[in-house]
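One structure is given below, encoded as structure tokens.
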Amino acid sequence: MAQAGQTKKYAGWARAAYDTDDEDEALTLWQKLFGPEFVAPEVREVAKSIAASKASLPLLIREEAAPSEEFIEKKGYRFTPRYRAVLDCRVHGMRGFRTPRLRELPSVPRHVKLRFEVLTDAPPGFTVLWKVRNRGQAAAAARELRGEIMSDGKTHEESTLYPGHHYVEVYLVRDGQVVASDHHDVVIR
């Protein structure tokens, strides 16, 4: 009899996921059935693109912390990844291009806008934290190495001001735990 009750519960989740018009609610219900590996199609598509591009990226050596740099672990958050997060970034203001994905370009020029968006399969109810880390002589001379962790929504915009190898990270936090995160390199020429 206990198995019949479980089967009814699972069938109810499947029916509710199929019948709802709310994509976030449907995803949450499907994840109840299949686990956190069940992700939205756009997350899966961008994740494949990232995996393909990472194979050609050089490994970066960890350098000294910037003067005001913060680290998520030192702010008391524990990493308990249960969901996927993928940073998608579009470049705005490049001559001859519409809005290409940053991951598809080897580098970007100075003085363009970058619009980052986090795609995730995490159900609603999380806080989004961002970290932007500038590197290089120009950023150091301007005292703009950055690295602070800031709260923002699911999108974040930046301008490309300093040449060098920089990065942006995103953390999805729920109940003091980082449940998903991603890292995106930014090379400015």
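Just so you know, all these numbers are worked out from the coordinates, no wet-lab data involved. Treat the numbers as computed from the prediction; the structure is a model and nothing was measured. When we count neighbours, we look across all protein chains shown, and the Cβ atoms used for this are built from the backbone with ideal geometry, even at glycine.
Quick notes
- Only Lys, Arg, Asp and Glu carry charge here, each on its Cβ (+1 for the first two, -1 for the last two); on that basis segment 61-189 has a dipole of about 340 debye about its Cα centre.
- Full extension of the chain between S151 and A14 gives 45.9 nm of extra length, using 0.36 nm per residue less the Cα-Cα distance.
- For segment 79-140, the normalised intensity computed at q = 0.16 Å⁻¹ comes to -0.71 (log10 of I(q)/I(0), Debye sum over alpha carbons, equal scatterers, no solvent).
- Placing a label point 7 Å from the Cα of E23 along the Cα-to-Cβ direction, the residues of segment 76-108 whose backbone N falls under 17 Å from that point are 84-90.
- Translational diffusion coefficient of segment 61-188 (Stokes-Einstein, Kirkwood radius from Cα pairs, 10 °C, 1.306 mPa s): 104 µm²/s.
- The calculated pair-distance distribution of segment 135-188 uses every alpha carbon pair, bins of 5 angstrom beginning at 0, and gives 4, 15, 26, 22, 15, 10, 6, 1 percent.
- Nearest-0.05 FRET efficiency for F79 and A138, computed from C-beta distance (R0 30 Å): 0.40
- Virtual paramagnetic centre 7 Å along Cα→Cβ of T99, amide N under 17 Å, in segment 158-189: 158-160
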